[in-house]
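Chemist: Supplied in structure tokens, the structure appears directly below.
Each value in this text was obtained by applying a stated rule to the coordinates, not by laboratory testing. This structure is a prediction, so every number in the text was calculated from the model and none was measured. For neighbour counting, all protein chains shown are included, and Cβ atoms are generated from backbone atoms with ideal geometry for every residue, glycine included.
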Amino acid sequence: MRMLRAATQGLIIFFVLLAVLPPWGCQASGQQAQGKPALDVPYEPTSYTITQEMLRIASVTSSDVVYDLGCGDGRIVITAAKERGARGVGVDLDPARIRESKENAGSAGVAHLVRFVEQNLFDADISNATVVMLYLWPEVNLKLRPKLLRELRPGTRIVSHSHTMGDWKPDAVATVEKHYLYFFIVPANSTGTWRLTGFDPKPASLRLTQKFQAVMGSMSVGSAIYPVTNGSLRGTSLRFTVEGMIRGVKDVRLFEGNISHNTIQGTIRDQAGNMVSAWKAIRDAATAVPIAE
Ligand SMILES: C[S@@+](CC[C@H](N)C(=O)[O-])C[C@H]1O[C@@H](n2cnc3c(N)ncnc32)[C@H](O)[C@@H]1O
């Protein structure tokens, strides 16, 4: 009888706990756990030497607005302000880190240039950043990647300490103190169908697809179709080559141009680097597809 009562009590406690406790793994990014913020990445500061290299690789100047998503004690944003005159915003979910950051900015005499926000980095408004610094984890970078590609302006520079961005290839890599630094430039969106003018009397168009900064596609000139090769973007600067028969001779042309919304303007060069002509392209805006994945 006593055993039956104990078993019944055990079952009741089990079901009460089941109802009260959250299921395993259901905690969302940044949710509070026992009064402490549930961080996606624990605190680990970047060394001063690595901080300086991150600023160097991003060519930070006084015109920049440097964001550090998960800013720790604020050292990257503070160093950017103190040594390069940049403005900055640090975002961290941990109130202790934000307190430290504000104190450190005051001691460094740069409180007028920097701002620290206690917030989940996934909710931060990053649209006015010109440089974004990250020292997170690989899976957090991957989760953040669509937000970076969607919300940052083309040409914004990103430096990620230690971790890559999956299949988004870095534009440059550096090593310092045996740590890798990955540098990315947010590419403009070149996708869609563009009507070309300025280099051939026949009707010409360009169809482009894009994977991060790599650009693929084809060019139609009259009834001829040429593949677009070696296509790449560095921010808003697009370049690609087109190889085909030009006036009966096999030839290669290098197209370079700057993308501004639905217009590209640039120059065409021959293999020797001589300018052949200018070119302009206007996109049918409805054909562009988002590049964020
Ligand atoms: C590895 S530390 C990097 C600190 C600083 N960026 C540096 O390089 O010295 C990661 C920081 O991200 C913060 N963090 C983790 N998850 C976060 C989230 N979801 N939102 C905002 N900050 C977060 C942590 O509190 C910690 O300060």
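Chemist: Over the range 48-185, what per residue volume does the convex hull of the Cα atoms give, in whole Å³? Don't jump to the answer; show the numbers that get you there.
Modeler: Values: hull volume 13.3 nm³, N = 138.
Residue-normalised Cα hull volume stands at 97 Å³.
Chemist: Suppose each label sits 7 Å from its Cα in the direction of the beta carbon; what would the Val249-Val173 distance come out to in nanometres?
Modeler: 4.1 nm
Chemist: Also: Between Asn258 and Tyr180, what is the FRET efficiency for a Förster distance of 35 Å, r being their Cβ-Cβ separation, to the nearest 0.05? Could the numbers behind the result be given before it?
Modeler: Working: r = 31 Å, r/R0 = 0.88.
Between Asn258 and Tyr180 the formula returns 0.70.
Chemist: Next question. Suppose each label sits 7 Å from its Cα in the direction of the beta carbon; what would the Asp125-Lys143 distance come out to in nanometres?
Modeler: About 2.4 nm, to one decimal.
Chemist: For Gln119, what residues show an amide H to amide H distance below 5 Å, using hydrogens built from the backbone and excluding near sequence neighbours?
Modeler: So Gln119 has HN proximity to Asp92, Leu93.
Chemist: Rounded to the nearest 500, what is the chain's calculated 222 nm mean residue ellipticity when only DSSP H runs of at least 4 contribute -39500 (n - 2.57) each, over all residues? Can you show the working numbers first?
Modeler: Numbers: 5 runs with 67 residues, N = 293.
One gets -7500 deg cm²/dmol as the mean residue ellipticity at 222 nm.
Chemist: Sticking with this one: For the range 165-205, just list the percent of Cα-Cα distances falling in each 5 Å bin from zero outward, please.
Modeler: 5, 15, 15, 12, 10, 9, 9, 10, 6, 5, 2, 1
Chemist: Could you tell me the ratio Rg/Rh of the range 140-210? Both radii from Cα atoms, Rh via Kirkwood. Mind showing how you got there, number by number?
Modeler: Values: Rg = 17.0 Å, Rh = 14.6 Å.
Computed over Cα atoms, the ratio is 1.17.
Chemist: Which translational diffusion coefficient, to the nearest whole µm²/s, is obtained for the range 169-293 from the Stokes-Einstein equation, given a Kirkwood hydrodynamic radius over C-alpha pairs, 10 °C and 1.306 mPa s? Walk me through the numbers before you get to the answer.
Modeler: Numbers: Rh = 15.4 Å.
Stokes-Einstein gives a translational diffusion coefficient of 103 µm²/s.
Chemist: For the chain, which DSSP H helices look membrane-span-like by this rule: Cα extent along the axis of 15 Å or more and mean Kyte-Doolittle of at least 0.5?
Modeler: Details: long enough: 2-20 (27 Å, 1.68); 95-108 (20 Å, -1.22); 138-151 (19 Å, -0.79).
Taking the DSSP H segments of the chain (at least 15 Å long, mean hydropathy at least 0.5), we get 2-20.
Chemist: List every residue whose amide H lies under 5 Å from the amide H of Val132, counting only residues 5 or more places away in sequence or on a different chain, with H placed 1.01 Å from N in the peptide plane.
Modeler: So Val132 has HN proximity to Tyr67, Arg157, Ile158, Val159.
Chemist: Let me ask something additional. Kirkwood Rh, the chain, all Cα pairs: how many Å?
Modeler: Details: mean 1/r = 0.0450 Å⁻¹.
Computed over Cα pairs of the chain, the Kirkwood hydrodynamic radius comes out at 22.2 Å.
Chemist: Cα to Cα, under 20 Å, and not fewer than 8 places away if on the same chain: which aspartates and glutamates meet these conditions relative to Lys250?
Modeler: Excluding near neighbours in sequence, the set is Asp200, Asp270.
Chemist: I want the antiparallel fraction of DSSP beta bridges within the range 48-185, as a percent rounded to 5.
Modeler: Working: 11 of 29 bridges.
Antiparallel bridges make up about 40 percent of those DSSP assigns within the range 48-185.
Chemist: Determine, for each peptide in 147-158, 267-278, 39-50, the mean count of other beta carbons within 10 angstrom over its residues, then list the peptides with the highest first. Display every interim value, and only then the final one.
Modeler: On the way: 147-158: 19.3, 267-278: 12.1, 39-50: 14.4.
Highest to lowest by the protection proxy: 147-158, 39-50, 267-278.
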